[in-house]
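One structure, as structure tokens, below. Some questions next.
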Amino acid sequence: MSDDLPAIIVDNGTFQIKAGFAGDDLPRAICRCVVGHPKEGGDDYLVGENAEEKSASMNLKHPLERGFVYNWEDMMKVWSHVFYNELRVTVEEHPVIMTEPPLNPKEHREYLTSLMFESWNVPAFYVATPAVLCLYASGRTTGLVVQSGDSISHVVPVIEGCMLADGVVPFEIAGNDLTDFMEKLLAQRGYAESDYGFQTLAGRKVVRDVKEKLCRVANDLGRAMEEYDASPEPRTYCHPDPRLDMALGTECYRCPEALFNPVLISKEGPSMHLAILHAIERVDPGFKKDLWSNVILSGGNTMFPGLPDRLLKELGELVPEMKDHIKVVASPERRYLPWVGASVLTSLGSFEDMWVTRADYDAEGPTAVRKCR
């Protein structure tokens, strides 16, 4: 393994791949995780935004589903695009660290390991769960990570750098669900599909943009709606076509409210705060106080203004005896927290012995990945 070239860090997300180099503060490349295959057939393909721009003539495929790889051939196309077109590196000269979803099947980990050594001939490889990396990014080794991205959300307890698999609790509300909800709210507001084309790729991007730019979490939804009704101050979304600008009212609060009240989007699973409670209930009592005082938010679906304060309030009401100990940590970079954590981890002197090296792989094959905690 070269001592001169930095490790490549790849944070695999269903919506986006974030990639860059160890030692950097933030990823250098952010690529949509999608592959376009020509509708008329053939071996040609496009990846990421290039595929989306040609969507009229392409069948778009998403190789990750709920965080798990279900089409390895297309996933390899995405990684190749990231390595060669986005980062412009000779992969076999760099060690590679990648993220994997919580509870990733052993067979998937081993197959990924074999791909890295057999297809890309990397000198060393490591795979880690985003939750553990989030703790490193936050300067901690113990905490409760609330991960919520575009297609998957989990609460994951981590003790001394190790994920507690039995304590992982999924909750159903992810970013894509809230985008669906916003589309419904816009229609109720009178913004018609016939005018805006919300079902098209471009229209979907607009709905996502409305959600991300205008929504905020109310500390008390009822009070926020009453205050708006008493003194309406609509928030305006500037559409790329000025004739299609939109003005929103209480929709800005009602959309992310589903994180705390899943019934709003017809979900039966736990809310974000109840998922946190359920996860901590599964942990040995000796660790519970440490987890309550280190609740770490991660992922684009946690970026709503007001969310950390509302979550703190809801948790305090759930467990009043712990109210003075609960701390919600919301880093401004939490959209990229696993990637940042990988950059921190690989910079530690103690990490050098944690890599799965070519020698490890040659001796043990794909099972050498068990070295990755």
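With respect to residue 216, is the statement that it is over 22 Å from residue 54 (Cα atoms), of a type outside the set (Asp, Glu), in contact with a helix residue (DSSP H, G or I) (Cβ under 9 Å, 6 or more places away or on another chain) and not in a strand (DSSP E or B) true? So that I can check it myself, show each step before the final result.
Working: over 22 Å from residue 54 (Cα atoms): yes; of a type outside the set (Asp, Glu): yes; in contact with a helix residue (DSSP H, G or I) (Cβ under 9 Å, 6 or more places away or on another chain): yes; not in a strand (DSSP E or B): yes.
Against the criterion (over 22 Å from residue 54 (Cα atoms), of a type outside the set (Asp, Glu), in contact with a helix residue (DSSP H, G or I) (Cβ under 9 Å, 6 or more places away or on another chain) and not in a strand (DSSP E or B)), residue 216 qualifies.
In region 226-247, is there at least one residue being under 20 Å from residue 14 (Cβ atoms) and not assigned by TED's automatic domain parsing to the domain that holds residue 144?
No: region 226-247 contains no residue that is under 20 Å from residue 14 (Cβ atoms) and not assigned by TED's automatic domain parsing to the domain that holds residue 144.
Please go through region 12-61 and give me each residue that is among the β-branched types (Val, Ile, Thr) and modelled with pLDDT under 95, ordered by number. Break it down into steps so the answer makes sense when it comes.
Taking region 12-61 as the starting set, the residues that turn out to be among the β-branched types (Val, Ile, Thr) are 14, 17, 30, 34-35, 47.
Hit for region 12-61 is 14, nothing else.
Keeping to region 142-166, report how many residues are over 14 Å from the mean Cα position of the chain (by Cα) and buried (at least 22 other Cβ atoms within 10 Å of the Cβ). Please lay out each step first, then the result.
So in region 142-166, the residues over 14 Å from the mean Cα position of the chain (by Cα) come out as 142-144, 157-166.
Then keep just the ones that are buried (at least 22 other Cβ atoms within 10 Å of the Cβ); that gives 143-144, 157-158.
Qualifying residue count, region 142-166: 4.
In addition: Look at region 18-42 and say how many of its residues are closer than 28 Å to residue 94 by Cβ and either acidic (Asp, Glu) or without any contact (Cβ under 8 Å) to a residue 60 or more places away in the chain (or both).
Kept after step one, since they are closer than 28 Å to residue 94 by Cβ, are these residues of region 18-42: 18-36.
With the extra rule that they be either acidic (Asp, Glu) or without any contact (Cβ under 8 Å) to a residue 60 or more places away in the chain (or both), the set shrinks to 24-25, 28-36.
So the count comes out to 11.
Report yes if some residue within region 117-132 is of a type in the set (Ser, Thr, Tyr), closer than 22 Å to residue 353 by Cβ and in contact with a Leu (Cβ under 6 Å, 6 or more places away or on another chain); otherwise report no.
Kept after step one, since they are of a type in the set (Ser, Thr, Tyr), are these residues of region 117-132: 119, 126, 129.
Those still in the list that are closer than 22 Å to residue 353 by Cβ too: 126, 129.
Now drop any that are not in contact with a Leu (Cβ under 6 Å, 6 or more places away or on another chain), which leaves none.
Checked region 117-132: no residue is of a type in the set (Ser, Thr, Tyr), closer than 22 Å to residue 353 by Cβ and in contact with a Leu (Cβ under 6 Å, 6 or more places away or on another chain).
Taking residue 316, is it over 28 Å from residue 184 (Cβ atoms) and small (Gly, Ala, Ser)? Please lay out each step first, then the result.
Numbers: over 28 Å from residue 184 (Cβ atoms): yes; small (Gly, Ala, Ser): yes.
When the stated conditions are applied, residue 316 passes them.
Which numbered condition in (1) closer than 21 Å to residue 141 by Cα; (2) assigned to a helix (DSSP H, G or I) is the only one that residue 228 fails?
If we test residue 228 against (1) closer than 21 Å to residue 141 by Cα; (2) assigned to a helix (DSSP H, G or I), just (1) comes out false.
Moving on. Which of the residues that make up region 39-76 are of a type outside the set (A, V, I, L, M), surrounded by 20 or more Cβ atoms within 10 Å (Cβ to Cβ) and under 21 Å from residue 28 (Cβ atoms)?
Scanning region 39-76 gives a single hit, 48.
Follow-up. For region 85-128, give me the residue count where each residue is in contact (Cβ under 8 Å) with a residue 40 or more places away in the chain, within 19 Å of residue 64 (Cβ to Cβ) and of a type in the set (D, E, K, R).
4
Being within 14 Å of the chain's Cα centre (by Cα) and either part of a strand (DSSP E or B) or crowded, with 23+ Cβ neighbours inside 10 Å (or both) is the filter here, so list the residues in region 314-334 that pass it.
334
List pairs: first in region 174-189 and over 21 Å from residue 245 (Cα atoms), second aliphatic (A, V, I, L, M) and assigned to a helix (DSSP H, G or I), Cβ under 6 Å, 6+ apart or cross-chain?
177/265
Have a look at 208, 223 and point out the one that is over 29 Å from the mean Cα position of the chain (by Cα) and either surrounded by fewer than 20 Cβ atoms within 10 Å (Cβ to Cβ) or among the polar types (S, T, N, Q) (or both). Show your work before the answer.
Numbers: 208 fails: over 29 Å from the mean Cα position of the chain (by Cα).
Only one candidate passes the filter, namely 223.
Testing residue 12 on (1) under 24 Å from the mean Cα position of the chain (by Cα); (2) without any contact (Cβ under 8 Å) to a residue 12 or more places away in the chain, one condition comes back false. Which one is that?
Here residue 12 meets the rest and fails (2).
Can you say whether residue 36 is in a loop (DSSP other than H, G, I, E, B) and more than 21 Å from residue 299 (Cα to Cα), as far as the supplied structure shows? Outline the logic, then answer.
On the way: in a loop (DSSP other than H, G, I, E, B): no; more than 21 Å from residue 299 (Cα to Cα): yes.
Taking the combined requirement at face value, the residue does not satisfy it.
If you don't mind, another one. Look through region 343-368, keep the residues that are of a type in the set (Val, Ile, Thr) and within 29 Å of residue 25 (Cβ to Cβ), and return whichever of them is nearest to the chain's Cα centre (by Cα). Before the answer, list the steps.
Filtering region 343-368 down to residues of a type in the set (Val, Ile, Thr) leaves 344, 346, 356-357, 367.
Imposing the further condition that a residue be within 29 Å of residue 25 (Cβ to Cβ) reduces the set to 344, 346, 356-357.
Details: 344: 18, 346: 20, 356: 25, 357: 28 Å.
Out of the qualifying residues, it is 344.
For region 58-109, enumerate the residues that are on the phi < 0 side of the Ramachandran plot, more than 20 Å from the chain's Cα centre (by Cα) and not in a helix (DSSP H, G or I).
Listed by number, the residues that qualify are 58, 59, 60, 87, 89, 90, 94, 95.
Something else: Considering each of 334, 373 in turn, give the residue that is basic (Lys, Arg) and either touching a Ser or Thr at 6+ places or on another chain (Cβ under 6 Å) or more than 25 Å from residue 146 (Cα to Cα) (or both).
Working: 373 fails: either touching a Ser or Thr at 6+ places or on another chain (Cβ under 6 Å) or more than 25 Å from residue 146 (Cα to Cα) (or both).
334 is the lone residue from the list that is basic (Lys, Arg) and either touching a Ser or Thr at 6+ places or on another chain (Cβ under 6 Å) or more than 25 Å from residue 146 (Cα to Cα) (or both).
How many of the residues in region 92-110 are in contact with a helix residue (DSSP H, G or I) (Cβ under 7 Å, 6 or more places away or on another chain) and surrounded by fewer than 20 Cβ atoms within 10 Å (Cβ to Cβ)?
Of the residues in that region, 3 qualify.
Please find, among 337, 311, 291, 297, the residue that is in contact with a strand residue (DSSP E or B) (Cβ under 6 Å, 6 or more places away or on another chain), outside any helix (DSSP H, G or I), buried (at least 17 other Cβ atoms within 10 Å of the Cβ) and among the aliphatic types (A, V, I, L, M).
Only one candidate qualifies: 297.
The values are calculated or read from the model by the stated rules, or taken from the named source; none is laboratory data. This is a predicted model, so every value here is computed, not measured. All Cβ positions, glycine included, derive from the backbone under ideal geometry; neighbour counts span all protein chains shown.
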